[in-house]
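Novice: Below you'll find the structure I mean.
No lab work stands behind these numbers, since they all come straight from the coordinates. Note that the structure is a prediction, hence the values are computed from the model and not measured. Don't worry about glycine lacking a Cβ; one is built from the backbone with ideal geometry, like all the others, and counts go over all protein chains shown.
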């Protein structure tokens, strides 16, 4: 062997080794991002649920402190923050002192209640109230008394596709968020969110103008679930709850 030939040991990575390392790094980053995204979604849902609980207490507090007792009407005009109205988010109370069937559903009157306007996804909260429980007594109606019963209903969807009432017919107010998908909602700056797909029948029920709502566990995008994709979070007040709280507070006998 020629002693002048110097054997040099190869150093560094081959292309195959580099490719393997990059694949491993990509898998780790993808796993991390997926876990981070899931944690963010979980945190936002928890924040929205906490907000809804605070909203519920604010609605009850309004009923206790108002001249009534009565609940606020929804906001149906100038509800977003990107408006020329210097006081956006106010309730729309009709001249007869109540909200009619047509104005009983809209957005949470966050300006009236002194709350933040939107959920964790910057979408306004939807709000429905039984007109009989929003009457301030200045018109032909009367404020809340022990004989009043709520007209709203909340149901859930069973795995076999059937529906079961959660609250049969005594709901007086409902507040909900359209969740991460934001379908059918209005952004905090007044832009319409994507329309609800036709297959999401339970979310459609929550966005229409009637007094029936659906509350059930969320289902993932693309999942073949009875009632369609669903990630709404729904809170409600029953007539039993509001009247019991008012009796405790000495507002009702």
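Novice: Please report the relative contact order for region 170-242, taking Cα pairs under 8 Å with a sequence separation of at least 6, and give it as a percent rounded to a whole number.
Specialist: Reported as a whole number, the value is 41 percent.
Novice: Based only on other Cβ atoms within 10 Å, what is the fewest-to-most ordering of 235, 213, 133, 64?
Specialist: By the 10 Å Cβ count, ascending: 64, 235, 213, 133.
Novice: Using 1/(1 + (r/R0)^6) with R0 = 25 angstrom and r between the beta carbons of residue 201 and residue 116, what's the FRET efficiency to the nearest 0.05?
Specialist: 0.25
Novice: Using alpha carbon centroids, what distance separates region 70-117 and region 38-52, in Å?
Specialist: If we compute the Cα centre of each part, the gap is 25 Å.
Novice: Could you tell me the calculated FRET efficiency between residue 221 and residue 77, based on Cβ-Cβ distance and R0 = 45 angstrom, to the nearest 0.05?
Specialist: Efficiency at R0 = 45 Å is approximately 0.85.
Novice: Please check which bits of region 102-132 a label hung off residue 53 would reach, taking the label as a point 7 Å along Cα-to-C-beta and the cut-off as backbone N under 18 Å.
Specialist: Under cut-off, by backbone N: 116, 119-120.
Novice: Moving on to the next point. Given labels modelled 7 Å from the Cα in the Cβ direction, how far is it in nm from residue 94 to residue 64?
Specialist: Label at residue 94, label at residue 64, 3.0 nm between them.
Novice: How far, in nm, would the chain grow between residue 209 and residue 192 when pulled straight, counting 0.36 nm per residue and subtracting the alpha carbon separation?
Specialist: Between residue 209 and residue 192, full extension yields 4.4 nm more.
Novice: Output needed: percent of Cα pairs per 10 Å distance bin for region 15-248, bins running from 0 to the one holding the longest distance.
Specialist: Reading the bins upward from 0: 8, 29, 32, 17, 7, 4, 2, 1, 0.
Novice: Here's something else I'd like to know. Work out how much length residue 21 to residue 40 would gain on full extension: take 0.36 nm times their residue separation and subtract the Cα-Cα distance, in nm to one decimal.
Specialist: Extra length available between residue 21 and residue 40 comes to 4.0 nm.
Novice: Moving on to the next point. Measure off 7 Å from each Cα along the Cα-to-Cβ vector at residue 158 and residue 84, then give the distance between these two points in nanometres to one decimal.
Specialist: 5.5 nm
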